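Just so it is clear, none of the values below were taken in a lab; they were calculated from the coordinates. It should be emphasised that the depicted structure is a prediction, and the values quoted were computed from it without experimental measurement. Cβ coordinates were reconstructed from backbone atoms using ideal geometry, including for glycine residues, and neighbour counts include every protein chain displayed.
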Number of protein chains: 2
Amino acid sequence: MHILIIGAAGMLGRKLSDALVRRGHLRGSDIDKLTLVDVVEPSPAPAWPEGVTFIRTDLTRPGAAAGLLEDAPDVIFHMAAIVSADAEANFEKGYQVNLDGTRALFEAVRLKGSGNGSYRPRLVFTSSIVVFGEPFPETIPDSFFTTPLTSYGTQKAIGELLLADYSRRGFFDGVGIRLPTITVRPGKPNKAASGFFSSILREPLVGQEAVLPVGEDVRHWFASPRSAIQFILRAAEIDTGAMGARRSLTMPGLCATVGEEIEALRRVAGKAAADLIRREPDPIIASIIKGWPQRFDASRAEALGFQAEKSFDEIIRIHIEDELDGAVQS
Amino acid sequence: MHILIIGAAGMLGRKLSDALVRRGHLRGSDIDKLTLVDVVEPSPAPAWPEGVTFIRTDLTRPGAAAGLLEDAPDVIFHMAAIVSADAEANFEKGYQVNLDGTRALFEAVRLKGSGNGSYRPRLVFTSSIVVFGEPFPETIPDSFFTTPLTSYGTQKAIGELLLADYSRRGFFDGVGIRLPTITVRPGKPNKAASGFFSSILREPLVGQEAVLPVGEDVRHWFASPRSAIQFILRAAEIDTGAMGARRSLTMPGLCATVGEEIEALRRVAGKAAADLIRREPDPIIASIIKGWPQRFDASRAEALGFQAEKSFDEIIRIHIEDELDGAVQS
């Protein structure tokens with residue numbers, strides 16, 4: 001079993017690589033080769049075990065995608081993308097990386113198969129709930145149309161359409177998964193509009209102050225990084241026969257308000273931690289967040305065995321276990 | 001007012017060109033220039049009045065799209081595409097013409113505007129109800145997701161997403177319209193699976209036999225060529241302010257069965273005409289048609305003033321008026 005991860009240096013790419021090394025098998029076979037690809041080296045460069053190779057390349061370079069397929073990976077995880085804010089600020093770069101890069105990969109798989117009819121890998125594509133755009137019904141059904149309000153969302157929605165058509169044609173066996181907002185994101189605070197959802201937990205858990213720019217009634221759709229990795233692994237293993245031509249799935253998530261998030265922090269880490277959250281309303285962030293989805297019907301994914309957390313307490317405990325060696329450091 | 005029609009040699013392109021010449025104005029201004037573009041010359045080549053130019057070019061050729069925008073057309077009708085069966089049989093050609101050609105045009109408009117901030121034409125894109133794929137609810141709502149089951153439908157759905165993103169960004173003012181199955185299509189019988197919907201009316205109306213390959217209970221969504229031209233013209237004129245970021249509209253149509261179609265033929269042209277329809281069941285065509293949509297909720301388009309026929313009697317009378325000089329020739 002040979003696995004290829006494109007976008008391996010990102011937060012989820014790193015966690016996925018670790019999980020595959022730890023697990024050692026996928027789809028019932030031992031993993032004997034794991035090829036990690038990104039435009040930048042992971043930092044710090046990990047000491048990978050034997051069988052793991054890192055390749056620095058850019059899918060949008062002519063021939064790059066074909067080169068990665070030379071020894072016919074059985075499973076391809078395509079997670080490479082520039083993020084939403086970058087794609088919005090840099091129109092051409094966004095389409096080049098997120099659309100042309102994806103298409104270059106899909107085309108390389110198709111062309112490899114056309115010379116060798118038996119090559120038809122499982123291809124997992126990470127999409128996002130931002131393929132949807134307001135106005136929304138209270139619960140967004142699985143059959144809701146994709147009307148993205150960002151170029152990033154547009155590029156992901158196009159990726160989903162290509163994934164379905166290439167799968168229908170038999171060029172690969174594709175599964176697209178629309179990830180909820182991943183919380184608690186490890187690492188430093190960033191300027192993403194969604195950053196506060198993580199930072200109001202992450203910073204207080206290490207005794208630092210965090211800023212809350214919106215009201216406590218703001219409601220959104222969450223899953224932990226650990227769930228995200230479980231989603232991605234499961235997408236590689238599910239029987240796609242039941243999916244028909246509809247190859248993209250909205251992942252389950254926790255529908256919760258910021259107030260519920262803070263209550264959970266208080267329960268898990270105490271009042272002192274929750275008191276480290278400073279209210280500093282930011283009308284710009286509030287107006288961006290207002291257009292975001294709040295609740296999905298993910299029953300199609302749930303029927304296929306995908307599961308997310310049921311409470312923010314759980315999400316916080318996972319962060320403490322996976323990122324803080326099991327202890328609140330306040 | 002300068003108008004550019006890309007795909008002008010096709011059936012609808014020809015009718016749209018004629019309608020614009022006859023009408024002489026659009027969006028409240030006189031048309032002083034009409035540029036018709038296609039990969040083939042219209043045949044027979046019409047004697048166009050002054051101000052009308054035909055250019056033979058291919059959007060997928062580097063620089064072709066930019067060349068067409070040199071004198072900044074105010075309204076662009078983008079109707080060029082290879083048809084469904086061709087796009088299904090020729091994967092690369094379909095993506096090249098229907099996706100890359102469309103993107104080349106959109107990019108050329110964007111780049112022209114980036115040198116001249118005031119250039120923001122109205123761009124009308126003809127899409128299709130085949131952006132939807134079964135299973136369907138009984139009536140397909142405007143908010144139903146696009147899950148095409150053909151590469152052509154995929155390419156049209158991607159065109160709609162690009163149209164919305166380029167419009168949101170202010171690069172042009174786009175309107176996408178999803179056309180019903182156009183009936184009665186003038187011309188010769190063809191091999192399209194949908195061909196019989198037209199031929200069982202068109203042939204009997206000139207005293208010729210036609211073959212019906214499916215049962216009379218088959219239900220579908222129709223509009224006349226005359227309605228299609230009205231849709232396209234209206235799409236050039238509507239106030240897009242009310243559309244928000246949702247730039248594509250399912251056009252109204254007539255929901256009717258083949259049996260109702262034949263009843264209308266009998267009423268309008270008599271029993272002798274209806275008797276020219278020969279039943280010759282074709283299980284392959286029947287199985288293709290089974291996956292087609294039957295009924296849409298087009299209330300969003302109706303609220304914007306789009307209207308289709310209310311009966312097949314009307315559709316047949318329009319064919320007799322527009323294509324048969326007003327008389328049944330049986």
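What are the label-to-label distances in nm, one decimal and shortest first, from B:Pro46 to the same spot in the other copies, with labels 7 Å along Cα to Cβ?
List, nearest first: 6.5 nm.
Sorted from largest down, give the three principal axis spans of the alpha carbons of segment B:1-85, whole angstrom values.
On the principal axes, segment B:1-85 reaches 36, 27, 22 Å in Cα extent.
Just to be sure I understand: if I project the alpha-carbon convex hull of segment B:60-132 onto a plane and average over all orientations, what area do I get in nm²?
Values: hull surface 21.5 nm².
For segment B:60-132, the mean projected area of the Cα convex hull comes to 5.4 nm².
Could you pull out every one of the lysines with an alpha carbon less than 21 Å from that of A:Lys112, ignoring same-chain neighbours closer than 8 positions?
By straight Cα distance, A:Lys112 reaches A:Lys33, B:Lys93.
How many Cβ atoms of partner chains, on average, are near each residue of B:99-107 if near means within 10 Å of its Cβ?
Values: counts 3, 1, 0, 0, 3, 0, 0, 0, 2.
Going residue by residue through B:99-107 and averaging, the value is 1.
What whole-number value in cubic angstrom gives the convex hull volume per residue for the C-alpha atoms of segment B:1-153? Don't jump to the answer; show the numbers that get you there.
Working: hull volume 22.5 nm³, N = 153.
For segment B:1-153, the hull spanned by Cα atoms encloses 147 Å³ per residue.
Equivalent-ellipsoid semi-axes (√(5λ), Cα gyration tensor) for segment B:177-330, whole Å, largest first?
Values: eigenvalues 166, 66, 29 Å².
Sorted largest first and rounded, they come to 29, 18, 12 Å.
Quick one: work out Rg over Rh on the C-alpha atoms of the protein assembly as shown, Rh as Kirkwood radius.
Numbers: Rg = 27.4 Å, Rh = 27.0 Å.
In the protein assembly as shown, Rg relative to Rh is 1.01.
Note the distances from B:Gln329 to each other copy's matching label point, with points 7 Å along the Cα-to-beta-carbon direction, in nm, sorted shortest first.
Copy-to-copy label distances at B:Gln329, shortest first: 8.6 nm.
So for segment A:206-278, what percent of the C-alpha to C-alpha distances run longer than 22 Å?
44
What are the residues whose amide H is under 5 Å from the amide H of B:Leu34, where those residues sit 5 or more places off or on another chain and H is modelled from the backbone?
Sorted by chain and number, the residues that satisfy this are B:Ile3, B:Val52, B:Thr53.
Other chains near B:79-92: what is the mean number of their Cβ atoms within 10 Å of each residue's Cβ? Each step should come with its number before you reach the end.
On the way: counts 0, 0, 0, 0, 0, 0, 0, 0, 0, 1, 0, 0, 6, 3.
The shielding value for this peptide is 1.
For segment A:246-309, build the convex hull from the C-alpha positions and give me its volume per residue in Å³. Present the calculation step by step, with values, prior to reporting the outcome.
Numbers: hull volume 7.1 nm³, N = 64.
Roughly 112 Å³ of hull volume per residue.
Can you grab the distance from the C-alpha centre of segment A:217-284 to the C-alpha centre of segment B:199-247, Å, no decimals?
Distance between centres, Cα-based: 45 Å.
Taking only Cα atoms and a 10 Å spring cutoff, compute GNM fluctuations for chain A and point out the largest among A:Leu163, A:Leu149, A:Leu12.
Ranking A:Leu163, A:Leu149, A:Leu12 by mean-square fluctuation puts A:Leu149 first.
Please express the shape of chain A as an equivalent ellipsoid: the semi-axes are the square roots of 5 times the eigenvalues of the C-alpha gyration tensor, given largest first in whole angstrom. Could the numbers behind the result be given before it?
On the way: eigenvalues 221, 99, 69 Å².
Those come to 33, 22, 19 Å.
Starting from one equal scatterer on each C-alpha and no solvent at all, send me the Debye-based log10 I(q)/I(0) for segment A:148-189 at q = 0.22 Å⁻¹, two decimals.
Log10 I(q)/I(0), no solvent term: -0.80.
List the residues, sorted by chain then number, that are 5 or more residues from B:Leu212 or on another chain and whose placed amide H is less than 5 Å from its amide H.
For B:Leu212, the qualifying residues are B:Arg278, B:Arg279, B:Glu280.
Around B:Ala245, which amide H atoms from residues at least 5 apart in sequence, or from another chain, sit under 5 Å from its own amide H, with H modelled in the peptide plane?
none
Just for chain B, what percent of DSSP beta bridges are antiparallel, to the closest 5? Intermediate results must be reported in sequence, preceding the final value.
Values: 6 of 40 bridges.
Expressed as a percentage, antiparallel bridges in chain B total about 15.
In segment B:144-172, which residues have a backbone nitrogen under 16 Å from the label point lying 7 Å from A:Phe91's Cα in the Cα-to-Cβ direction?
Taking a point 7 Å out along Cα→Cβ of A:Phe91, the residues of segment B:144-172 whose backbone N falls under 16 Å are B:161-172.
Which distances, shortest first and in nm, link A:Asp217 to the matching position in the other copies, using label points set 7 Å out along Cα to C-beta?
When each copy's label point is compared with this one, the spacings are 5.2 nm.
Kindly rank B:176-182, B:61-67, B:255-261 from highest to lowest mean number of other beta carbons found within 10 Å of each residue. Intermediate results must be reported in sequence, preceding the final value.
On the way: B:176-182: 23.6, B:61-67: 14.1, B:255-261: 19.1.
In decreasing order of mean packing, B:176-182, B:61-67, B:255-261 become B:176-182, B:255-261, B:61-67.
For segment B:114-230, compute Rh as the Kirkwood radius over C-alpha pairs and then the Stokes-Einstein diffusion coefficient at 10 °C and 1.306 mPa s; write the answer in µm²/s, rounded to an integer.
On the way: Rh = 16.7 Å.
Here the translational diffusion coefficient equals 95 µm²/s.
What is the antiparallel percent of DSSP beta bridges lying wholly in the protein assembly as shown, to the nearest 5?
On the way: 13 of 81 bridges.
Taking every DSSP beta bridge with both residues in the protein assembly as shown, the antiparallel ones total about 15 percent.
Could you list B:Asp173, B:Asp313 so that the one with the fewest beta carbons within 10 Å of its beta carbon is first and the one with the most is last? Walk me through the intermediate numbers first.
Working: B:Asp173 18, B:Asp313 15.
Ordered by Cβ neighbours within 10 Å, fewest first: B:Asp313, B:Asp173.
To the nearest whole number, what is the average tally of beta carbon atoms from other chains within 10 Å of the beta carbons of peptide A:156-162?
Details: counts 1, 8, 8, 1, 5, 12, 6.
Average neighbour count from other chains, rounded to a whole number: 6.
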